[in-house]
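Please read the structure below before turning to the comments.
Laboratory data are not the source of any read-out in this text; all were calculated from the coordinates shown. Just so we're clear, the structure is a prediction, and the values are computed from it rather than from any experiment. Cβ placement follows ideal geometry from the backbone for every residue including glycine, while neighbour counts extend to all protein chains displayed.
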Amino acid sequence: MDAAAHPAPPRELTLADFDYDLPPELIAQHPLPDRAASRLLHVDGERLADLAFRDLDKLVAPGDVFVFNDTRVIKARLLGRKPSGGKVEVLIERILDPQRAWALVRTSHAPRPGSLLEFGHERGAPTTAEVLGRRDDLFELRFAENLLGLLERVGHVPLPPYITHDDSAEDAARYQTVYAAQPGAVAAPTAGLHFTEEVLARLRGRGCELAYLTLHIGAGTFQPVRVERLAAHRMHSEWYQIGEAAAARINRARAQGRRIVAVGTTSLRALESAAVDGRVQAGARDTQLFITPGFRFQVADRLVTNFHLPKSTLLMLVSAFAGMQAMRRAYAHAIAQRYRFFSYGDSSLLERAR
């Protein structure tokens with residue numbers, strides 16, 4: 001029998017395929033004083049180039065379209081108590097209306113429907129939330145006042161668990177992109193943290209077009225993959241919206257053979273979720289798209305992104321985009337060259353694997 005005519009099926013991917021050892025001191029705990037002072041690793045197949053983020057405009061061509069996620073991080077972490085005095089920590093997952101939200105609730109005993117949670121005592125402005133129900137790990141809460149106003153008054157910046165300090169005024173300013181506009185995210189689209197008004201102006205000066213979409217990053221982005229077989233993983237759901245003008249700009253560029261540069265994995269997930277036969281469909285939807293090696297990309301040609309956690313769905317996504325071997329080399333190089341990792345860390349520009 002001709003083995004070439006009957007090739008072996010591809011090996012099933014497991015969590016171990018996306019593991020690596022990272023020295024803890026390379027996890028960036030604070031942002032650099034200057035957003036654009038970060039380093040930029042250009043990954044193009046086997047070719048790696050160490051650059052500065054401000055070199056980004058030297059790597060673009062007139063007509064390239066940069067697609068940004070303009071979500072705005074809300075102060076989604078609430079510290080409170082039960083009427084009995086027990087401590088409660090709430091992380092808002094998704095705002096449903098001005099007073100209701102799905103949330104993760106951490107407490108000694110799971111609250112039951114009808115029970116109340118109390119917030120704001122430490123800032124002299126107490127308020128309550130009623131537990132309406134539960135769906136899997138999430139609780140539906142109804143607050144006694146406008147939720148966005150409450151979060152702004154007594155909420156905390158929902159820093160990732162690998163950042164070890166309490167949130168501060170620095171985080172409130174810097175765990176946010178300069179173009180953030182639509183409130184609703186509980187984590188920053190971190191690839192965008194490197195952009196300044198100067199960098200954006202230089203891209204426009206090079207003839208690049210800028211387009212914006214919104215994907216509200218949920219608390220699920222912090223959750224680890226708990227299964228060894230990737231095929232068994234259930235991706236968390238996130239809401240996104242792409243406007244008619246942005247979709248038209250992206251589709252026109254694609255039709256003309258110009259490149260689409262996704263800024264961040266969230267922009268890329270929204271673009272690929274909205275793609276039908278290579279065209280981006282405008283509208284608002286939920287996505288549970290789980291991108292792993294073997295995925296066929298329809299829209300993005302390049303990806304600006306940070307360095308991601310071992311065994312994370314984001315590392316799987318970038319491995320699908322640039323190639324597993326390319327990303328293994330890139331991460332080994334970044335560690336050897338002492339790049340800063342994760343949300344406040346350095347950046348990379350990935351070319352899509354051919």
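Kirkwood analysis of the chain, using all unique Cα-Cα pairs, places the hydrodynamic radius at 21.4 Å. Positive-end ranking of PHE341, ILE217, SER38 along the dipole of the chain, with charges on Cβ about the Cα centre, is headed by ILE217. Across the options ALA169, LEU271, ALA181, the greatest Cα extent toward the positive end of the charge dipole of the chain (unit charges at beta carbon of Lys, Arg, Asp, Glu) belongs to LEU271. In the chain, helices alone account for a calculated mean residue ellipticity at 222 nm of -5500 deg cm²/dmol, with every DSSP H run of four or more residues adding -39,500 (n - 2.57). Here LYS75 is the anchor, and the lysines within straight C-alpha reach of less than 25 Å, apart from those fewer than 8 places off in the same chain, are LYS87. Think of segment 1-147 as a dipole: +1 on every Lys or Arg Cβ, -1 on every Asp or Glu Cβ, centred on the Cα centre; then among GLY63, PHE18, GLN99, GLN99 lies furthest on the positive end. From most to least packed by mean Cβ count within 10 Å, the peptides 343-349, 106-112 give 343-349, 106-112.
Peptides 208-219, 60-71 ranked from most to least packed by the mean count of surrounding Cβ atoms within 10 Å: 208-219, 60-71. Taking the chain as the reference, fit the longest principal axis to its C-alpha atoms, fit the long axis of helix 244-255 to the helix C-alpha atoms, and give the angle between the two in degrees, 0 to 90, nearest 10. It works out to around 20 degrees. Extending 7 Å from Cα along the Cβ direction at LEU116 and again at ALA232 yields two label points whose distance is 4.4 nm. Here the peptides 295-307, 15-27, 247-259 are ranked by packing, the mean other Cβ count within 10 Å, and the order with the highest first is 295-307, 247-259, 15-27.
Ignoring lysines fewer than eight residues from LYS58 along the same chain, none have Cα atoms less than 16 angstrom from its Cα.
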